[in-house]
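Structure, as structure tokens:
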2 protein chains.
Amino acid sequence: METPEWINQAPGIWSTVVGKPEDLTPLKVAGATPRLAALREMGEGEFPLDPRTITTESVSSRTVIRIPLDSEEAIFGLGLQFLKVNHRGRTRYLRVNSDPRQDTGETHAPVPFYVSSRGYGVLVDTARIVTIYCGSCVRRDTPNPPALKDRGRDPDWEPTPTSDAVEIVVPGEGVEVFVFAGPTPLEVVRRYNLFCGGGVIPPRWGLGFWHRVSLQYNHEQVHAESMEYRNRDFPCDVIGLEPGWHSKSYPCSYEWAEDRFPDPPRFAEKMAAEGFHINLWEHAYVSPEAKIHAELEPLSGSHTVWGGLVPDYTLPEAREILKAQHEGTHLAAGVSGYKIDECDGSELTGCSWMFPAHATFPSGHDGEQMRQVYGLLLQKMTTEIFRKHDRRTWGLVRASNAGACSFPYVLYSDLYDHREFVRALCNSSFSGLLWTPEVRSAATAEEWVRRMQVVCFSPLAMLNAWSTSTMPWSFPDVEPIVRKYLKLRMRLMPYFYSAFARYYFEGVPPFRAMALEVPACDLDDQYMAGDSMLVAPMFAGETSREVCLPEGVWFDFETGKRFEGGGTIRVFPGLETMPVFVREGGLIPMMPPLPHAPRKGERVPLEVRHYGNAPGRLDLFDDDGETFAYQRGDYRWRTLEVTVDSGGTRTGTMSEVEEDRESSYGEIAWMFT
Amino acid sequence: METPEWINQAPGIWSTVVGKPEDLTPLKVAGATPRLAALREMGEGEFPLDPRTITTESVSSRTVIRIPLDSEEAIFGLGLQFLKVNHRGRTRYLRVNSDPRQDTGETHAPVPFYVSSRGYGVLVDTARIVTIYCGSCVRRDTPNPPALKDRGRDPDWEPTPTSDAVEIVVPGEGVEVFVFAGPTPLEVVRRYNLFCGGGVIPPRWGLGFWHRVSLQYNHEQVHAESMEYRNRDFPCDVIGLEPGWHSKSYPCSYEWAEDRFPDPPRFAEKMAAEGFHINLWEHAYVSPEAKIHAELEPLSGSHTVWGGLVPDYTLPEAREILKAQHEGTHLAAGVSGYKIDECDGSELTGCSWMFPAHATFPSGHDGEQMRQVYGLLLQKMTTEIFRKHDRRTWGLVRASNAGACSFPYVLYSDLYDHREFVRALCNSSFSGLLWTPEVRSAATAEEWVRRMQVVCFSPLAMLNAWSTSTMPWSFPDVEPIVRKYLKLRMRLMPYFYSAFARYYFEGVPPFRAMALEVPACDLDDQYMAGDSMLVAPMFAGETSREVCLPEGVWFDFETGKRFEGGGTIRVFPGLETMPVFVREGGLIPMMPPLPHAPRKGERVPLEVRHYGNAPGRLDLFDDDGETFAYQRGDYRWRTLEVTVDSGGTRTGTMSEVEEDRESSYGEIAWMFT
């Protein structure tokens, strides 16, 4: 066993190269530039572990890294996990898998990065399938062996012994390992996100409501269904087309089905005139009938998926072929983004269609590596097409890995357990991922409402009706409640948009687990949204729930009712309400419930709510909302501030901007609760 | 890609060495001598595939073997699978795992051997975790690509494309692969079993009823509970002691708890006087308080399990330490066998306690290899202790692998789905495994009966009451039905015993899947028992079921009702009956329902049932029932034969044996149905 040397890579970030790492890694695929200035603002930090206690070893072509654990330490993260928040005591097999029904660690986006409740993080940058024993195996030579108990006599015998170390196992001869300082878990995550290029800011329209239409719709059916949102007074910004828009799908041609969409530019223009953006479903497997098939064939892997090519997108020439096709056929027609399906692959459960781990690719990489990073490759490639045209995009993807936080993609799943969806929303925040708890169907009106409430407080608020033909008003009894939440989503756009700006500039996840607010809190059914909101979803069948409020004073977002934090309260919301709490001094900027997001240059009035008697401040982000101008310095922070004088009178102010003509915000109204 | 040379190893069996195989393999661990004479009797057979179509390749430290598939071919076997019979179209990850809840291929006994419905078998002899793509991945260069369908238009689109090959992936630089000829699937299995030393014959008492007592019982409680079987007129042969018999358990001391069992030899003697054999629970992990701990410590792996050593039992010196301890402490006290628990390990699901794949062992093997063959090592080691004393044993084990058919061990599980238990009974027969669908508890009296009926037609009929304290009469309403089946188990002992003799001499599994009777039949809820019986279990909640009867004429075992085979019938048995059918001409030798199995030298009368108007014959096996004398030639076949004269009169005869004094069978009564 060896004790590696740790090299400082950025403020509060160190790495070590163990053995001989392979060339293909998630961070290299993502290829983001660390945001060093922002990291420097966080301070240098100290190496958060005793480096002498970290050991490495090579065992049968595996690289093993061992990192000690305190007895009370919790382990968070490891990607889009559906079944646990704290992984302490569990083994995590971080394989990309589309059907993560069992608590093995496999998931759409397994990220080999964990955050300790003690305030440090560890990233293993590999495209191999990593196994992380999160205190789930015990070495014989450990100084802290687990207590011995006799199962035949000891009533508190437990099936899992306590281990004093994490053991990380990477197939192959080497890997680069990164350690991130805190001191809090949130600061660990911020450093990780900033090191990976900072979080992404969606276009404003990305934060509107999304609807995906039936598989076989043509342009007229799409238009007619979309217009129902307008006619029934429900906001909607994005319409998603499912496989049937392709001339051939499963595998994909990427060409329009001419009978269904005879004039795509005119269709997109007509939709845009009504305020709708178009999102296209696709997967990566290229139909023999695709025009680009012949060109891509020599650049593809040894195995097919649904009879389609699996292009080797680690090769620039393969990427250029797809990018040119998409640019000419989709972007030129006015398409705003993609839903990139099935880059995760099912192989061991349910159906079997993915290329195998032993597939070979022209670049020399194998199927295991390719599958682990295929979601990243597709995100990066499609992002670049839009960036070339200085258009921001917002889309959906079903696989991801480390280093993805700068990509404008939100994960989704074919799973549908509501509690797991909320847990995934919590867990995504540890790993630089975004997740939508999309709504598809419901057994009851109650479930419909509860799902709609949650999705409106998530990175992407979507009704995915491709196979269900549901509409927001599908349960007529609760139509007013659903409308209320879709409009609330729209009204909160300035608040959520600013939260995403903090994701980009400071690495703070816009929606995040309680453990990033209160270290070691492993709650999986409530979460933070933006700076000041705590969201406590209700699940069908419940009439009340417990909510853990962190220290301080909290207010019910809707009623303004005051609660003392630092403990657990029980709330009894009706169906019309999902409990949301705002911390004292919190500022919530809201805009009118427009049918769709404001366009570039469009100005909206603001209503700013302030809660409690403490002064408050919020940095409101503003830019054109559509281009990458903000990355070229063209953006504005407007400081919203509430002061409280000695008599308890509250006064709100918003800082001016020099070029007032550029502001997206007009009149401001203050509401003091 | 290369096309390997196939070397004939035995009649109808060929192998090829791909790359550089590792030294530790299941066949080497099992170490059985192929039964060449029996194989020669089966004939040479022809290499069952076109050798030019089988290719091998090395991809990123993996060895890949590709074997073509016909479009209709079914794939059976791959060990103790609970969720599928035909694996065509699925990927099987053959990892030893104690908690196989998902259909991945992982199980207690994953055997890298499959049987094709076309009548050949393939074995990959490796201690690594093999992945077998059973027609679940498609090469781009295949001559038979799957039909292309458009999901957006084609209503018969399917999620899994058809592949024309099996692809076998073995980690590491090489492996030896075996091919077995048929021509039928049953002959493939017979060759496999004979190559692995032939099946095992239990001691007669092993085929009696088994009961396992509560975890914390002492010798008086054990005796009292056992005597209830005698007092209530239920047969019972074996009493199993659970962890509490150890002075320390979890991990194990292997020493008796003196307060509970102050005089083990006297206890065993007292039990033996009543006709009970004693079976001891143990696992492989050695308590720091075990007397043999110090000796074993330098011979153990890098990691502990429940704080116990994991001895490296690939080392002869480690084996000798345990064998001597067991011999002196258990066998000398009169113990008849073991239940070897938890050699499978849980790591990825539920609790985590197993040594990891990257554990290191003094022999140089790693945890992956050791875990894959640990069950085999323990079976072999404990078998040898009994063999040394010329005593047959019969026991339980929770992990196995290829080459295990000669070991006197039956697999079991903590799973408890009744349909899965029956499916496992079917599947075990493809892989040289035995399995007990043990009874533990039931939600209703109906379920209790249905489970008891099935377990009485299995390799080991057991009530495992260690945590439930159930007894066969726990549901008083159905006590007579349960008694009927426990007694039927006892009455069928001559029939089942002879079926096991065929397992040893001819490789025919005593309980076997329908696909071994009718190639390509993938039924998973009925099975063959011995030569002539077809068992069709009922499951709780059912009042009728379909039964597929192979070609020919069949008779209801109990009522004698006649059925034409070659199709499916529906039966409506009451709760008191599990449908069992006997093929025309079938002979079922039965003995009286004794309280326990006959001892060596004890003679029982026979009742032989014959069904239908066709002549019939059965070779009835006879030996001392307790020692390995039969392997030294000391056994007798008695031919039971029924002839039918031109008038339809049936006459039964039993061949004489020279040394009549040695026969276990006395008077014979014929019953013609």
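A compact table of results
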item	result
Any hit, the range A:318-341, residues being within 14 Å of chain B (Cβ to nearest Cβ) and more than 22 Å from B:Glu57 (Cα to Cα)	yes
Total residues in the range B:150-170, condition more than 7 Å from chain A (Cβ to nearest Cβ) and either over 30 Å from B:Ile7 (Cα atoms) or open to solvent by 40 Å² or more (accessible area, probe 1.4 Å) (or both)	6
Filter pass, B:Ser363 being part of a loop (DSSP other than H, G, I, E, B), touching a residue at least 24 places away in the same chain (Cβ under 8 Å) and within 13 Å of another protein chain (Cβ to nearest Cβ)	yes
Identity of the residue in the range B:92-124, of a type in the set (Asp, Glu) and surrounded by fewer than 24 Cβ atoms within 10 Å (Cβ to Cβ), that ends up nearest to the chain's Cα centre (by Cα)	B:Asp99
Those residues of the range B:589-622 which are more than 18 Å from B:Pro235 (Cβ to Cβ) and either assigned to a strand (DSSP E or B) or in contact with a Pro (Cβ under 8 Å, 6 or more places away or on another chain) (or both), in sequence order	B:Val608, B:Arg609, B:His610, B:Gly616, B:Arg617, B:Leu618, B:Asp619, B:Leu620, B:Phe621, B:Asp622
Hey, A:Arg502 at pLDDT 95 or above, among the basic types (Lys, Arg) and closer than 19 Å to A:Leu80 by Cα or not	no
Hits in the range A:24-63 (condition: under 29 Å from the mean Cα position of the chain (by Cα) and among the hydrophobic types (A, V, I, L, M, F, W, C))	A:Leu24, A:Leu27, A:Val29, A:Ala30, A:Ala32, A:Leu36, A:Ala37, A:Ala38, A:Leu39, A:Met42, A:Phe47, A:Leu49
Residue within the range B:116-136 that is on the phi < 0 side of the Ramachandran plot, within 12 Å of chain A (Cβ to nearest Cβ), in contact with a His (Cβ under 6 Å, 6 or more places away or on another chain) and part of a strand (DSSP E or B) present	yes
Cross-chain or 6+ apart pairs with Cβ under 7 Å, the range A:397-410 first and over 17 Å from A:Ser98 (Cα atoms) and in contact (Cβ under 8 Å) with a residue 40 or more places away in the chain, then among the small types (Gly, Ala, Ser) and open to solvent by 10 Å² or more (accessible area, probe 1.4 Å)	A:Gly403/A:Ala32; A:Cys405/A:Gly197; A:Ser406/A:Ala32; A:Ser406/A:Gly197
Of all residues making up the range A:257-285, the number that are open to solvent by 10 Å² or more (accessible area, probe 1.4 Å), within 14 Å of chain B (Cβ to nearest Cβ) and assigned to a strand (DSSP E or B)	0
Those residues of the range A:515-545 which are touching a helix residue (DSSP H, G or I) at 6+ places or on another chain (Cβ under 6 Å) and of a type in the set (Gly, Ala, Ser), in sequence order	A:Ala515, A:Gly530, A:Ala540
Residue that is at negative phi, modelled with pLDDT of 95 or more and more than 14 Å from every other protein chain (Cβ to nearest Cβ), where the choices are A:Lys28, A:Lys84	A:Lys28
Subset tally (residues that are charged (D, E, K, R) and assigned to a loop (DSSP other than H, G, I, E, B)) for the range B:217-241	3
Condition broken by A:Phe505, with the remaining ones in (1) among the hydrophobic types (A, V, I, L, M, F, W, C); (2) assigned by TED's automatic domain parsing to the domain that holds A:Trp281; (3) not in a loop (DSSP other than H, G, I, E, B) satisfied	(2)
Of all residues making up the range A:286-304, the number that are within 12 Å of another protein chain (Cβ to nearest Cβ) and either part of a strand (DSSP E or B) or under 28 Å from A:Pro203 (Cβ atoms) (or both)	4
Residue check, A:Phe563 touching a residue at least 40 places away in the same chain (Cβ under 8 Å) and over 30 Å from A:Pro476 (Cβ atoms)	no
Residue list for the range A:36-68, filter: within 14 Å of chain B (Cβ to nearest Cβ) and either farther than 24 Å from B:Pro171 by Cα or acidic (Asp, Glu) (or both)	A:Thr55, A:Glu57
Any chance B:Pro146 is within 14 Å of another protein chain (Cβ to nearest Cβ) and either touching a residue at least 12 places away in the same chain (Cβ under 8 Å) or outside any loop (DSSP other than H, G, I, E, B) (or both)	yes
The listed residue being in contact with a strand residue (DSSP E or B) (Cβ under 8 Å, 6 or more places away or on another chain), open to solvent by less than 50 Å² (accessible area, probe 1.4 Å), assigned by TED's automatic domain parsing to the domain that holds B:Trp281 and under 30 Å from B:Glu228 (Cα atoms), out of B:Leu492, B:Leu488	B:Leu492
Test: B:Arg190 is modelled with pLDDT of 95 or more, surrounded by fewer than 22 Cβ atoms within 10 Å (Cβ to Cβ) and either in contact with a Leu (Cβ under 9 Å, 6 or more places away or on another chain) or not assigned by TED's automatic domain parsing to the domain that holds B:Pro437 (or both)	no
Count of the range A:247-256 residues which are open to solvent by less than 10 Å² (accessible area, probe 1.4 Å) and within 12 Å of chain B (Cβ to nearest Cβ)	5
Considering residues of the range A:505-555 that are acidic (Asp, Glu) and touching a strand residue (DSSP E or B) at 6+ places or on another chain (Cβ under 6 Å) only, the residue surrounded by the fewest Cβ atoms within 10 Å (Cβ to Cβ)	A:Glu546
Subset of the range B:60-84 (residues that are open to solvent by 10 Å² or more (accessible area, probe 1.4 Å) and of a type outside the set (Ser, Thr, Tyr))	B:Arg62, B:Arg66, B:Pro68, B:Leu69, B:Asp70, B:Glu72, B:Leu83, B:Lys84
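Every residue, every condition in (1) open to solvent by less than 10 Å² (accessible area, probe 1.4 Å); (2) within 14 Å of chain A (Cβ to nearest Cβ), yes or no:
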{"site": "B:His211", "(1), (2)": "yes, no"}
{"site": "B:Asn218", "(1), (2)": "no, yes"}
{"site": "B:Glu225", "(1), (2)": "no, no"}
{"site": "B:Cys236", "(1), (2)": "yes, no"}
{"site": "B:Trp245", "(1), (2)": "yes, yes"}
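The values are calculated or read from the model by the stated rules, or taken from the named source; none is laboratory data. In this text the structure is predicted, and so the values were computed from the model without any measurement. Here Cβ is always computed from backbone atoms with ideal geometry, including for glycine, and neighbour counts include all displayed protein chains. Note: areas computed on protein heavy atoms with side chains; ligands, DNA, RNA excluded. Shrake-Rupley method; radii C 1.70, N 1.55, O 1.52, S 1.80 Å.
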